[in-house]
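One structure is given below, encoded as structure tokens.
The values are calculated or read from the model by the stated rules, or taken from the named source; none is laboratory data. What you see is a predicted model, and the numbers here were worked out from it, not measured in a lab. Every residue, glycine among them, receives a Cβ derived from its backbone with ideal geometry; neighbour counts consider all protein chains shown.
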């Protein structure tokens, strides 16, 4: 893979930005990568571990002369950051982001971008339950999807270069419109996270089962929930608040189905339960065939073995 | 580890029984292990892969002269199997089981056991999403908990030997009473499974998001749900029907919490969400410290890497 941009600026230095830096370096996709984080501690850590070629003390300095600026901050502050850097962007530069919600990010960021600067919103479908500048690694995006949001006004050359960058970092790229993205993610990510958070909260709060029991016997299923319920609280708060409508719609469908299963349990309707559980098994097979997980027996095991 | 029993009979040859066989052999815990499964196909497969020292064509034949008989069938048919073998059990033998629900299994099995036969119900907290005689492996129980159900009538020598067997297979053993077991498992296993099944069912059923989209973008969280929602449908139908009260109680608590979070999203109450998500992160740490999972970044990754 050859160089795609002369200079890339990463604003916000958490899991995604730090992984982007290592993936960009791995493939030599940029001449220089600058970085900025609001917190002094994060900037110090970044400098210490060699994250980014140059860490700047202001966002304006980081984006100066950058050909691509990627906003890697929580969805709720994307607009503020865009306002802060808008005046320092190089004419003809491209701004992108990695937010898990697209409509609200587009509405918040676009008004702050000057004429002649291109905006190509992106969302890499990859992550771990860890966060912060030290959590990144070059392989995070390998074999994962990155969705680019494109409409009739988007500059196609700018899209092509952002797409080349993500492919260079190991991802497969696809285009989608913002509203459909937000609905798809409400199903595949946002609602599952909310449900996992809820289940873990219930277990924590239960008087008659001790926390140590919950922890000891977590390999029976609960553990899989705690992994996703350990994700960054600020990021997830912002996701739910900014993808409110789609999340509430899917939650509505979820509780409807849950009540139907609950009634089947209460009424002893084994056939309903068996049919439902057989159907869900098929989806799992599809995911394995699509290369988004492996068939290695894992549930209840952990990787200590 | 030295031999615990001269002869062990495994009734039902799925994931747990086949793993028990390989774990028993690994440590030399029994002189001979016999096996029986209702299905001819399963018995043929077992013979082909060398599962059990001897596969019998009837349950009665398998349990004849056995010092320990372990019922490894779905919870809903435990009573039928006990009725079938009751007359063939050796005096002084111990019967155990591996069911995920204890109260109903005890009520179903006990009446069929003759005087002088001991009953030590057990539940190994281990599994994978795979099932069948070929899914077992010797390491399944290593570092996992096995709960033994003990009350004032249980024969303590019989408990000791069952405990020795499980420890020999790699498990840690703890005792619990049946009702508390069923509540703990409703929290850590049964309700999480029902919720995962529900979420996967919702995704499958949604008209505006295609199944291929759900599958492609599953690495964003959904995938973790499909793993547990791929578990054996018959086993899980029986679990929910036989642990009805505890599961419905926890489901009630779950929907209560879910509605509170849903309202926080609707009202834009970011503080409520952030506090909740911060609290759930702590539980994850406890699970890692307790050795029931590792801290390796996994969510959104898969083991292809």
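Can residue A:186 be described as closer than 28 Å to residue B:260 by Cα, more than 7 Å from chain B (Cβ to nearest Cβ) and in a helix (DSSP H, G or I)? When the stated conditions are applied, residue A:186 passes them. Screening residue B:106 against (1) touching a residue at least 40 places away in the same chain (Cβ under 8 Å); (2) buried (at least 19 other Cβ atoms within 10 Å of the Cβ); (3) under 20 Å from residue B:242 (Cβ atoms) leaves a single unmet condition, (2). For region A:1-107, no strands (runs of 3 or more DSSP E) sit wholly inside it while including 3 or more residues that are touching a helix residue (DSSP H, G or I) at 6+ places or on another chain (Cβ under 6 Å) and over 23 Å from residue A:118 (Cα atoms).
Scanning region A:108-140 for residues that are facing chain B (nearest Cβ under 10 Å), outside any loop (DSSP other than H, G, I, E, B) and more than 11 Å from the chain's Cα centre (by Cα) gives a single hit, A:135.
Checked against the criteria, residue A:261 does not count as within 27 Å of the chain's Cα centre (by Cα) and within 22 Å of residue A:191 (Cβ to Cβ). Residue count for region B:264-273 satisfying the condition of being crowded, with 16+ Cβ neighbours inside 10 Å and either closer than 11 Å to residue A:197 by Cβ or more than 7 Å from chain A (Cβ to nearest Cβ) (or both): 4. Taken over region A:208-231, residues that are in a loop (DSSP other than H, G, I, E, B), at the interface with chain B (Cβ under 7 Å from one of its Cβ atoms) and surrounded by fewer than 24 Cβ atoms within 10 Å (Cβ to Cβ) amount to 2. The listed residues are A:178, A:203, and the only one of them that is in contact with a strand residue (DSSP E or B) (Cβ under 6 Å, 6 or more places away or on another chain), more than 21 Å from residue B:175 (Cβ to Cβ) and either more than 7 Å from chain B (Cβ to nearest Cβ) or buried (at least 23 other Cβ atoms within 10 Å of the Cβ) (or both) turns out to be A:178. Candidates in region A:232-249 are the residues that are closer than 19 Å to residue A:199 by Cβ and within 7 Å of another protein chain (Cβ to nearest Cβ); of these, the one that is surrounded by the fewest Cβ atoms within 10 Å (Cβ to Cβ) is A:248. Restricting region A:274-305 to residues that are within 7 Å of another protein chain (Cβ to nearest Cβ) and at pLDDT 90 or above, the residue that is surrounded by the fewest Cβ atoms within 10 Å (Cβ to Cβ) is A:278. Within region A:141-169, the residues that satisfy the criterion of being facing another protein chain (nearest Cβ under 8 Å), in a loop (DSSP other than H, G, I, E, B) and either at negative phi or crowded, with 18+ Cβ neighbours inside 10 Å (or both) are A:142, A:144. The residues listed here are A:278, A:226, A:234; of these, the one that is in the same structural domain as residue A:202 (by TED's automatic domain parsing) and without any contact (Cβ under 8 Å) to a residue 24 or more places away in the chain is A:278.
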